[in-house]
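Worksheet for the structure shown next.
Bear in mind that the values in this text are calculations on the coordinates, not laboratory data. Given the structure is predicted, the values throughout are model-derived calculations rather than measurements. Neighbour counts are summed over all protein chains in view; Cβ atoms, including those assigned to glycine, are modelled from backbone coordinates with ideal geometry.
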Amino acid sequence: MADTAVHMEQQVLPRVPVHHWICSLPSGLRALLGYDRALAALVVSAFAHELDRSLSKRAKAVLRLQP
């Protein structure tokens, strides 16, 4: 696993800042998601929607600051 991470960092990813997003869930829900594919899809969809909303809001704020 460490070799793959080194390869990604040195050979694949461009030399630009990369953001790492984490979705943290309670342990009971994590266990349930391992067995319920439809629920897992809903959780991933909700996370992606919220991430998109947050990034759009930040981008609009940055664009408003520029002349």
Discussion item. Against the 2.2 N^0.38 Å scaling, with N counting residues, where does segment 8-51 land? I'd like the Cα-based Rg ratio to two decimal places.
Written reply: 1.57
Item to complete: Take the Cβ-Cβ distance between LEU55 and TYR35 as r, set R0 to 25 Å, and report the resulting FRET efficiency rounded to the nearest 0.05.
Response: 0.20
Worksheet item: Which value, in debye to the nearest 20, describes the size of the charge dipole of segment 26-67 about its Cα centre when Lys and Arg Cβ atoms bear +1, Asp and Glu Cβ atoms bear -1, and nothing else is charged?
Response: 260 debye
Worksheet item: Per-residue ellipticity at 222 nm for the chain, helices alone: DSSP H runs ≥ 4 residues times -39500 (n - 2.57), over residue total, nearest 500 deg cm²/dmol?
Response: -20000 deg cm²/dmol
Item to complete: For segment 26-67, build the convex hull from the C-alpha positions and give me its volume per residue in Å³.
Response: 55 Å³
